[in-house]
Structure formats: C-alpha cells, structure tokens
Amino acid sequence: MNPENTRELLINMGPQHPATHGVLRLVLEIEGEVIKKCIPYIGYLHRGVEKLSEDLTYVQSLPLTDRLDYLSSMINNVGFCIAVEKLMGISVPERAKFIRTMMSEMARICSHLVWIATHALDVGAMTVFLYAMRDREKLLELFEMVTGARLTVSYPRVGGVRCDVNQEFLDELYKFVNEFPKKVEEYETLIDRNRVWLRRTKGVGVITAEEAINWGLTGPTLRGSGVYYDIRKFFPYDAYDKVEFEVPLGKNGDIYDRYKCRMLEFRQSAKIIKQCIELLPEGAILADDALRIRMPSSPLKIDKKDIQFEIYIEDKSIEDFINKFTEVYASIEAPKGELGFYIVCDDSAKPYRMRVRAPSFVHAGVLPRLCEGALIADVIANIGSIDIVLGECDR
Amino acid sequence: METIYVILITTIKTIIYFGVLMLHVAYATYAERKIIGHIQLRLGPMVVGPHGLLQPIADVVKLIFKEDIIPYNVDRKIFTIAPLISLTAALSTFAVIPVSENWLISNVNVGILYVLGIAGIGTYGIIFAGWASNSKYAFLGSLRSAAQMISYEVALAMSLVGVILMAESFNLTEIVNKQLEYSYGMFLIPQFLGYFVFIVAMLAETNRVPFDLPEAETELVAGYFVEYSGIRFSLFYLAEYLAMFCMSALATICFWGGWTVPPFLLTIFPFLGIIPGIIWFLIKVYFHMFLFFWIRGTLPRYRYDQLMSIGWKVLLPLALLNIVLTSIIKYYW
C-alpha cells in the first residue's frame with residue numbers, strides 16, 4: 001500500500017473517559033499503539049471563577065476558591081487568604097497560623113490519597129483505590145468535625161481561621177497521623193514491590209530537570225526530576241518556618257520518581273501535622289483587623305459602608321492606574337504544585353482582577369511532551385503522574 | 001434404535017451439564033464480587049437476598065430486560081453474530097471435559113487439542129465484535145485481543161505438551177488416570193515449569209488481570225464490547241467466565257489430577273476416599289477460580305508491548321525448555 005494513503009488513527013480520549021481525571025480531552029493521533037501526536041483540550045469545566053470574583057468582595061470570593069482544586073479546598077482557601085492578607089497588610093495570629101498549616105497538610109494528604117487511588121486505578125491496581133479512600137474518609141470526618149463541611153470547607157478567613165479547634169479534634173488527628181505512616185506502607189506493599197507496577201512506571205514519561213523547569217512544572221511533578229524547589233521552604237508562609245520537614249526529591253524524572261516523591265510527602269505531611277499539634281500556641285484565631293462582613297441591622301438594604309472597604313470609583317488614566325493600584329502575587333505550595341493568586345486592587349471592596357496561577361493548567365500543557373512517542377497505556381499513567389484536577393485547570 | 005438412544009442420553013447429559021454450568025457461572029460472578037470486595041475492605045453485594053445471594057439472578061433478569069441497542073453504523077450481521085460465536089466456542093469446550101470418572105459428554109481421544117482449538121475460535125467473536133462495532137476503541141481492543149490470543153495460545157499449547165508427553169495421550173480422562181500411577185498423584189510436581197507457563201498463559205487467554213488489555217477500562221473504556229449493551233453484552237461476559245472455568249478445569253485435569261486424590265494422601269488418610277470425585281474436582285477448579293479473582297484484586301495491568309515480550313521472550317522459551325527437559329527425562333527413564 002502506498003504510504004501516502006495511510007494516515008494515523010485519530011482517537012478522541014475524553015471529555016467523557018474513565019481515566020482522564022474529570023473532563024480533560026486529549027486528541028491522540030496513533031499509529032498502532034504509539035502516540036504520534038497528543039493535543040490536550042481544556043475548558044470543559046470552566047466556571048469563570050476569576051471573572052466572578054471581580055464582582056464579589058474579597059470575603060465573598062473565598063468560597064469560590066474551594067471549587068478550584070476541590071480535592072484540597074483548604075489549601076486553595078489558605079492561598080487566597082494569604083494573597084489578600086499580603087495585599088492589606090494583615091498579620092495573622094500565631095495560633096491561626098499553626099492551625100492553617102495543620103489543615104493545609106491534612107488537605108495535602110487528602111489530595112495525595114485521591115491521587116494514589118486514581119493513579120493506581122488507572123494503571124490497573126484496583127485495590128489501592130479503596131485502601132486510600134478508607135483513610136481519606138477519616139480525614140474528611142476530621143474536617144467535618146471542625147468546619148462542618150467535608151469537601152468544600154471555606155474554613156480559613158482573611159486574617160485567621162473561622163473557628164477554633166478543640167482538644168477532641170486534636171486527639172483524633174494525633175492518633176491518625178501516628179497510624180498514617182503504617183497505612184502508607186500498606187499502599188507500598190500493594191504496588192511498590194510489584195513487578196508490574198515497576199515496569200509500568202520506571203523509565204516512562206521521563207522529563208529532565210532542565211526541561212521540567214522550562215515547562216514551568218512545580219510541586220512533586222518538578223521535584224520528581226530532582227529540582228529542589230518547594231515554596232514551603234523557599235518562601236515560607238504560615239508556620240512552615242517553625243516546623244521541621246524535608247523535601248523529598250526524585251532523580252530520574254519518570255513516573256516512578258514522581259510517585260515516590262508523593263509517597264514520601266505523605267510521611268512529611270504527617271510529621272508536620274504532628275509538630276503543629278505539639279507546638280500549637282494559645283491565643284486568638286482571627287486578627288483584629290481581619291476582613292469582616294458586618295451584617296446589616298435591618299434587612300432592608302446592604303449599605304456599601306457595611307463592608308469595611310470604601311468603594312472607589314473614579315475615572316483614571318492608565319498611569320494613575322499603574323501608580324495607584326496595588327497588585328500582589330502570593331503563592332503557596334498546593335499538593336499539585338505552585339498555586340498562585342495574583343490580585344490587582346483598585347481600592348474598592350472587590351478585586352479589580354484576580355488571576356489564579358493553577359499548577360494543573362501548566363501541567364496539562366506538558367502532556368504532549370510526555371506522551372508523544374509513548375503508548376496509549378502510558379498516556380493514562382502520565383495523566384495520573386502529573387496529578388491534574390480539571391476544576392483548577394479550567395477554573 | 002441404538003443411535004437414537006445414544007442421542008437421547010447425550011442430549012439429557014448436555015442439558016444437565018449446561019444447567020449446572022450456568023449456575024456455576026452465575027455464582028462465579030457473585031464469588032468474584034464477594035472475594036474482591038473483601039480484598040478491598042468492602043462487603044460486595046449485600047442487598048438482594050441474604051448476603052446478596054440472589055444478586056446473580058437479579059443481574060440476569062436486568063440484563064435480559066434491558067434495551068438491546070444496536071448503533072446505527074455497525075455491521076448488523078456481524079455485530080449480532082459475534083457474541084454468539086464467543087459463547088458457542090466457550091460452551092463447546094465443555095463437551096470433552098470430564099468432571100468425574102464417568103461423567104463427561106463425549107470421550108474424545110484428542111481432548112486437549114479439541115479444547116485448544118475451540119478456545120481459539122472464541123477469539124473470532126472478539127475480533128468480529130471490535131471490527132463490526134465501527135468504533136475506534138472497540139477496534140483497538142479487538143486488535144489487541146487478536147495479537148494477545150495468538151501469542152499466548154502458542155505458549156498455552158506448548159505448556160501442555162509436557163503433560164501430553166508424560167501421559168502419552170491426548171485424552172483428558174487418560175491423562176487423569178495416568179497421574180494416579182505416581183505416588184504424588186499429580187503432574188504438578190514434575191511439570192511445575194509447564195504449570196507456571198500454563199497459569200500465566202491462562203490469564204492472558206481469558207483476558208484477565210494483569211493481561212486484560214483488550215478490555216482495559218481505563219485505556220479503551222471497555223475495549224471490544226464498548227458498543228454492546230443488554231443481553232449481547234452479557235453473552236460476552238458469560239463467554240469470559242466460561243473460558244475461565246474451562247481453563248481452570250483444564251489446569252485441574254492436566255496438572256492437579258482431576259477428580260482423584262493423590263495416592264500418598266489416601267494411604268495416610270484413607271477416609272478421604274469416601275468423598276466423591278466431583279467434590280475434589282470442584283475444589284480444585286474453584287481454587288483456580290479463586291486464583292483468577294485474587295490476582296485481579298492485587299495486580300496492575302501490563303502494557304501492550306510488555307505483554308508481547310512476556311509472551312514471546314519468557315513464556316515460549318520456558319515452555320520449550322520444559323518440553324526438552326521432559327523429553328530427555330522420559331527418554332532415559
């Protein structure tokens with residue numbers, strides 16, 4: 001047959017596909033089982049969080065951030081709060097800082113548990129899924145104990161946290177983190193010593209350190225390539241400078257190393273939570289100058305003055321705009337990578353512009369680089385190993 | 001007159017065999033869900049009947065009454081016929097499988113060859129299904145299946161050659177009887193290499209984890225039967241479970257001594273002889289079925305190229321080595 005008349009088979013993987021972690025759509029050109037070209041399409045879960053927040057006050061925007069990376073909503077809240085605190089120069093009380101750190105690490109464990117569950121399921125190991133979900137359930141119960149919500153918590157506040165933790169919660173959590181490393185070993189016995197797993201992950205989806213940096217990867221996906229970069233260490237926020245922990249690094253930058261990094265992060269997170277409980281200071285949980293919505297005394301009409309910021313509306317030239325308007329970028333170490341919030345403030349109660357630097361969005365971009373030349377099964381393993389959540393990617 | 005008598009007896013036997021087999025298949029699905037459930041810290045089906053015991057019946061009723069969807073662009077004839085080919089092939093293999101000393105439908109003197117040949121025909125059902133579905137995922141699944149079946153059938157057949165050499169017969173009943181001449185009573189011990197190859201090839205031949213590539217749900221959604229629904233879908237399912245039973249029975253007969261008890265065990269515990277042969281047979285078959293479920297609950301899935309390299313570079317040489325060793329030993333002793 002004339003080779004000019006043959007063409008690659010075009011496969012549409014997603015948006016409804018059991019292994020694309022939500023609504024990611026990949027258009028694959030395959031020859032046999034080999035991927036010749038891979039184009040990711042995103043936007044199926046776009047809810048306009050950034051635009052919506054322009055119409056909401058800073059306090060009101062907070063629940064929207066829950067819906068970004070819904071597997072670690074606590075960390076998104078913290079990230080947003082830190083950005084707004086930086087903008088307004090609010091200093092958070094010590095106790096709130098420790099609580100936030102503790103909660104962030106709980107959310108990190110939660111998110112990584114879902115990652116190991118789905119990643120293993122994609123590669124074919126079904127049992128790990130249910131083992132991980134069992135432990136996640138425990139953490140969700142702990143979240144519920146403090147915040148009343150399991151998934152979208154909206155717990156941190158600009159200037160602190162919403163409510164205090166009690167001793168019962170701390171005891172339960174301490175018990176959990178003490179047992180948790182053993183549970184991690186359980187997952188490892190299921191997959192880490194498994195020949196099939198090793199053959200599926202070692203040497204697959206390799207990305208070198210240099211390339212990883214150039215593609216803008218962050219978080220465990222970058223550290224799997226051996227780059228030492230962790231915002232918790234480099235730009236400490238909350239109480240991360242007061243606790244001790246290590247940053248696990250990979251070497252080869254393949255799926256296995258990224259997997260290993262996250263598995264080691266489980267243990268570090270448990271260690272951080274333990275220290276937070278031990279070091280938890282007494283004191284206030286909300287700063288005095290924290291943003292509050294004053295509820296109106298009469299139900300008639302919410303006056304703009306009820307919100308502790310004055311609305312500033314005036315025509316301005318661009319130069320004035322640049323000089324006057326403050327902008328702030330604050331980033332935190334989310335389970336997926338560097339989650340940044342960029343806020344432009346026009347001195348009103350609402351952000352002029354909010355932009356989310358979502359790690360999943362950046363990581364989805366690297367998929368073609370990882371997948372091209374690999375096999376169909378590797379695409380699935382790669383999607384799992386970069387750990388994307390489409391809620392965050394599409395925003 | 002005699003011909004009619006034989007036909008009548010065979011028909012009655014077939015009907016009984018078929019009914020019992022179907023019941024076993026139905027409860028094998030239940031067993032799988034229960035066993036995997038308990039492996040995964042779940043309970044499995046619990047709602048229909050006590051401990052979900054009526055679940056298989058509920059499933060069958062549901063599947064029969066479901067709408068039978070045939071997509072617009074499929075090749076209707078082949079699409080309809082494909083599940084039937086798979087099922088017929090899977091059922092036909094049981095014609096020669098003896099469950100007890102005198103309990104088999106037909107005593108063919110090339111039983112092993114018959115089983116392997118008929119099991120090979122089942123692949124056509126899968127290939128037709130994938131081709132006729134006019135869907136890319138189904139097409140890829142059927143391609144994978146074709147390649148996988150061809151490469152693993154070779155290893156499967158080769159692994160049984162050692163048994164055939166030792167038994168000096170293709171007849172399944174004779175293979176079992178031959179094993180009784182040894183005090184350990186099963187070919188498993190001298191043929192451990194063959195058994196290993198057989199078990200691995202058996203997993204691949206029946207499309208089970210870790211070789212369930214043709215129906216890898218996370219890659220190809222459901223593989224070759226992605227366009228099937230209702231009763232047609234369940235026919236494929238049935239064929240898969242029948243194939244599992246067939247392979248388990250073959251392993252039992254060829255390596256575990258079928259319905260017999262090892263003679264050395266009988267001398268130590270004479271009371272074991274009271275238990276009827278069919279019970280032993282079922283115990284051994286269900287051990288292999290459990291192996292299928294156990295592996296499914298434990299292992300991830302191999303990649304396509306890895307599967308091929310295992311088949312051709314590991315299993316086939318091992319099977320050939322087994323044949324050579326068996327021949328040498330057979331020649332000198």
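Taken together, the values in this text are just the output of simple stated rules run on the coordinates, not laboratory data. Because the structure is a prediction, the values reported are computed rather than measured. Because the Cβ atoms are built from the backbone with ideal geometry, glycine has one as well, and the counts that use them run over all protein chains shown.
Remarks
- For A:T218, the residues whose modelled amide H falls within less than 5 Å of its own, excluding neighbours fewer than 5 places apart on the same chain, are A:E338.
- In this structure, the residue pairs whose Cα-Cα separation is over 24 Å, taken from A:K336/B:K34; A:K97/A:K183; A:K138/A:K183, are A:K336/B:K34; A:K97/A:K183.
- log₁₀ of I(q)/I(0) at q = 0.07, 0.10 Å⁻¹ - chain A, Debye sum with one point per alpha carbon: -0.34, -0.68
- Cys residues of the protein assembly as shown that find no other Cys beta carbon under 4.7 Å: A:C81, A:C110, A:C163, A:C261, A:C276, A:C345, A:C393, B:C246, B:C254.
- Shielding value for B:233-240 is 0, the average number of Cβ atoms from other chains within 10 Å of each residue's Cβ.
- For the protein assembly as shown, the Rg and Dmax computed from alpha carbons only, in angstrom: 31.3, 110
- Per-residue [θ]222 nm for the protein assembly as shown (sum of -39500 (n - 2.57) over DSSP H runs n ≥ 4, rounded to 500): -18500 deg cm²/dmol
- Under 5 Å from the amide H of A:Y352 lie the amide H atoms of A:V344, A:C345, A:D346, each residue being 5 or more positions distant or on a separate chain, with H modelled from the backbone and absent for Pro and chain starts.
- Counts of other chain beta carbons within 10 angstrom of each beta carbon in peptide A:14-22 average 2.
- The slack between B:Y331 and B:V110, meaning 0.36 nm per residue of separation minus the straight C-alpha distance, is 77.3 nm.
- Karplus 3J(HN,Hα) series, Hz, for region B:186-203 with 6.51 cos²θ - 1.76 cosθ + 1.60 (x for Gly, Pro): 8, 6, 4, 6, x, 9, 4, 5, x, 5, 4, 4, 4, 4, 5, 5, 5, 4
- Derived scalar couplings ³J(HN,Hα) [region A:366-373; Karplus, 6.51 cos²θ - 1.76 cosθ + 1.60; whole Hz; x for Gly, Pro]: 8, 4, x, 4, 7, 8, 5, x
- Rg/Rh for region B:1-65 stands at 1.25; both radii use Cα atoms, and Rh follows the Kirkwood definition.
- Two-site label geometry, B:L321 and B:R42: point separation in nm, points 7 Å out along Cα→Cβ: 4.0
- Close Lys pairs in region B:73-332, defined as Cα atoms under 28 Å apart and 8 or more places apart or on different chains, number 5.
- In Hz, Karplus ³J(HN,Hα) per residue of region B:303-311 (6.51, -1.76, 1.60; θ = phi - 60°; x = Gly, Pro): 8, 4, 5, 5, 4, 5, 5, 5, x
- Label-point separation, B:L272 to A:K233 (7 Å along Cα→Cβ), nm: 6.0
- Taking A:D135, A:D230, A:D257 as the candidate residues, the one with maximal mean-square fluctuation in a Gaussian network model of chain A, Cα springs under 10 Å, is A:D135.
- Point-to-point label distance, A:Y329-A:R150, nm (Cα→Cβ direction, 7 Å offset): 3.8
- Residues whose amide H falls under 5 Å from that of A:G160, counting only those 5 or more places apart or on a different chain, are A:A287, with hydrogens built in the peptide plane.
- A Förster distance of 25 Å, applied to the separation of the beta-carbon atoms of A:V34 and A:K251, puts the FRET efficiency at 0.40.
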